[in-house]
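Sharing a structure here in structure tokens format.
Read-outs: derived from the displayed coordinates by stated rules, not from any lab. If you're wondering where the values come from, they're calculated on a predicted model, not measured in any experiment. Here Cβ is always computed from backbone atoms with ideal geometry, including for glycine, and neighbour counts include all displayed protein chains.
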Amino acid sequence: MVISRDKKRVWFDLNIGTDPSMALGLLFACKHPEIEIVGVSISGKNQERRIEEAYKILEYADAPDIDVHYGEEITRAQIDAAQPTNTVVRGPLTNISRLILDEATLGRIHFVGGAFRSTYYRGQTIITDQNVTVDLDATRIVLTQHDDIVINTFEASSALILPLDILNEISNSHQFLKVRFAGYQEYLREKFGEGFDYLVAADILPLCDLLDVPTITREVVEFKMQPDGSFFSTSQLENNPNPIEENLLNPDNIPVPTIKHLAIRNVDSVRIMQELLKFV
């Protein structure tokens with residue numbers, strides 16, 4: 001196997017399926033000349049359907065030779081053979097926690113999840129992100145046992161709403177994505193009601209980060225992962241309206257570790273959209 005030293009070698013661990021943001025991110029990665037996808041593993045439930053969807057996207061992107069794996073079957077040997085320089089994670093951290101305990105070489109982990117301030121989103125105030133809370137034990141393992149992590153926070157990624165003109169441009173260029181956009185918007189209308197059916201390109205953020213796209217700013221945050229999965233910062237934050245409050249309720253005496261990682265908490269959405277349109 002010839003290893004490219006010039007490209008970012010990226011492993012994806014995704015619960016791909018309903019949200020077309022992951023399809024958009026995977027297509028972007030396939031098309032970008034500085035990214036080489038070295039493997040995809042699937043997390044979450046209904047993995048057969050998710051694997052099928054991942055293969056459809058890769059085939060559409062003219063990348064049918066990329067392997068897609070059941071998450072629980074991926075091994076340290078497979079990861080180490082792929083030699084990723086970066087691992088992008090969207091969904092529960094179940095697979096990644098096991099690989100970290102097995103001392104697999106994952107490179108820098110870009111985790112889409114977690115929040116350091118409350119965010120109003122589709123009619124709700126969000127302080128805990130489901131990518132964190134679906135498997136809290138796995139999240140604690142990853143955040144405490146791996147040193148090189150960039151947290152792509154909910155407050156940053158949820159700001160990447162696709163403007164109508166860009167949504168239409170992508171839809172007109174890719175009927176494959178247009179169908180998925182429309183289906184997801186219908187689902188959002190049924191779940192949240194009219195006015196909350198906008199689409200968010202959350203999965204573009206970790207890719208732009210690993211590509212060092214200008215205007216993305218990271219800050220080192222020291223924080224406690226609280227029993228409910230929220231992040232309480234123990235250091236002063238930049239851009240910190242409505243910071244998460246300390247939760248003193250812990251009837252089960254769950255460990256509350258103090259953790260320090262890089263975090264992306266705000267982005268220039270216009271710059272990210274410009275990067276997206278270059279390659280999709």
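Mind listing the long-range amide H neighbours of I37? Cut-off is under 5 Å, sequence gap 5 or more, other chains count too, H placed in the peptide plane at 1.01 Å from N.
Under 5 Å from the amide H of I37 lie the amide H atoms of V10, each far enough along the sequence or on another chain.
Could you give the size of the charge dipole of the chain about its Cα centre, using +1 on the Cβ of each K and R and -1 on the Cβ of each D and E, expressed in debye and rounded to the nearest 20? Write out the running numbers ahead of the final one.
On the way: 26 positive and 41 negative charges, 49 e Å.
Computed charge dipole of the chain: roughly 240 debye.
In the Gaussian network model of the chain, springs joining C-alpha atoms below 10 Å, which of Q236, Q185, Q47 carries the largest mean-square fluctuation?
In this elastic network of the chain, the residue with the biggest mean-square fluctuation among Q236, Q185, Q47 is Q236.
Now for a separate question. Cut-off is 10 Å between beta-carbons; in what order do V200, V179, V256 appear when sorted fewest neighbours first? Before the final figure, lay out each step's value.
Numbers: V200 19, V179 12, V256 15.
With the fewest neighbours first, V200, V179, V256 line up as V179, V256, V200.
Among Q226, N253, S269, whose Cα lies farthest out toward the positive end of the dipole of the chain, if unit charges sit on the beta carbon of Lys, Arg (+1) and Asp, Glu (-1)?
S269
From Cα pairs below 8 angstrom and at least 6 apart in sequence, can you work out the relative contact order of the chain, rounded to a whole percent?
Working: 536 pairs, mean separation 55.8, N = 280.
Across the chain, relative contact order equals 20 percent.
For the range 92-157, state which chymotrypsin sites (Phe, Trp or Tyr not before Pro) are in a DSSP loop and have at most 14 other beta carbons lying within 10 Å of their beta carbon. Don't jump to the answer; show the numbers that get you there.
Working: sites: F111, F116, Y120, Y121, F154; in loops: F116.
Those that pass, being in a loop and sparsely packed, number zero.
Is the range 200-280 rounded, prolate or oblate when judged by the Cα gyration tensor, a ≥ b ≥ c being the square roots of its eigenvalues, rounded requiring a/c under 1.5 and prolate requiring a/b larger than b/c?
Working: a/c = 2.82, a/b = 2.43, b/c = 1.16.
Verdict is prolate for the range 200-280.
What number, in percent, do you get for the relative contact order of the range 98-203 if the mean sequence gap of Cα pairs under 8 Å and at least 6 apart is divided by its residue count? Write down the numbers at each step before the final one.
Values: 110 pairs, mean separation 31.1, N = 106.
For the range 98-203, the relative contact order is 29 percent.
To make sure I understand, if each residue's beta carbon is the centre and we count other beta carbons within 10 Å, what order do M22, M225, M273 fall in, fewest to most?
The fewest-first ordering by Cβ neighbours comes to M273, M225, M22.
Here is a follow-up. Please tell me the relative contact order of the range 182-259 in percent, rounded to the nearest whole number, where contacts are Cα pairs under 8 Å and at least six residues apart. Could the numbers behind the result be given before it?
Numbers: 58 pairs, mean separation 17.4, N = 78.
Relative contact order here is 22 percent.
Does anything in the range 131-156 have its amide N under 15 Å from the 7 Å Cα→Cβ label point of Y187, and if so which residues?
Flagged as within label range: 131.
Farthest toward the dipole's positive end in the range 95-215, which of Q175, T139, I109, given Cβ charges of +1 (Lys, Arg) and -1 (Asp, Glu) about the Cα centre?
The one lying farthest along the dipole's positive direction is Q175.
Which of the GluC sites (Glu not before Pro) found in the range 142-196 are in a DSSP loop and have at most 13 neighbouring Cβ atoms, other than their own, within 10 Å? Could the numbers behind the result be given before it?
On the way: sites: E155, E169, E186, E190, E194; in loops: E194.
In loop regions of the range 142-196 (DSSP not H, G, I, E or B), the sparsely surrounded GluC sites (Glu not before Pro) are E194.
Which residue, chosen from I161, T94, G17, occupies the Cα position most advanced towards the positive end of the dipole of the chain, where the dipole is computed from +1 (Lys, Arg) and -1 (Asp, Glu) charges on Cβ about the Cα centre?
I161
Nothing charged except the Cβ atoms of Lys and Arg (+1) and of Asp and Glu (-1): what's the magnitude of the dipole of the range 30-89 about its Cα centre? Round to the nearest 20 debye.
On the way: 6 positive and 12 negative charges, 50 e Å.
Dipole magnitude for the range 30-89 comes out near 240 debye.
Sticking with this structure for a sec: Run through every distinct alpha carbon pair of the range 104-187 and return the Kirkwood hydrodynamic radius in angstroms, one decimal place. Intermediate values should be presented prior to the final figure.
On the way: mean 1/r = 0.0654 Å⁻¹.
Kirkwood radius, the range 104-187: 15.3 Å.
Compute, for the range 1-135, the length of the dipole vector about the Cα centre, with Cβ point charges of +1 (Lys, Arg) and -1 (Asp, Glu) only. Units Debye, rounded to 20. Could the numbers behind the result be given before it?
On the way: 15 positive and 19 negative charges, 105 e Å.
The dipole of the range 1-135 has a size of about 500 debye.
Still on this structure: Just to confirm the filter: which trypsin sites (Lys or Arg not before Pro) across the range 1-95 are DSSP coil and have at most 16 other Cβ within 10 angstrom of their Cβ?
Details: sites: R5, K7, K8, R9, K31, K45, R49, R50, K56, R76, R90; in loops: R5, K7, K45.
The qualifying sites are R5, K7, K45.
Using only the Cα atoms of the range 1-84, build the gyration tensor, take square roots of its eigenvalues as a ≥ b ≥ c, and label the shape rounded, prolate or oblate: rounded if a/c is under 1.5, else prolate if a/b is larger than b/c, else oblate. Can you show the working numbers first?
Details: a/c = 2.05, a/b = 1.21, b/c = 1.69.
Because a/c hits 1.5 or more and a/b fails to exceed b/c, the range 1-84 counts as oblate.
Counting other beta carbons within 10 Å of each Cβ, put I149, I96 in order, fewest first.
Values: I149 19, I96 29.
So the ranking, lowest neighbour count to highest, is I149, I96.
To the nearest 500 deg cm²/dmol, what mean residue ellipticity at 222 nm is calculated for the chain from DSSP H runs of n ≥ 4 alone, each contributing -39,500 (n - 2.57), summed and divided by the residues?
On the way: 11 runs with 104 residues, N = 280.
After summing the helix terms and dividing by residue count, I get -10500 deg cm²/dmol.
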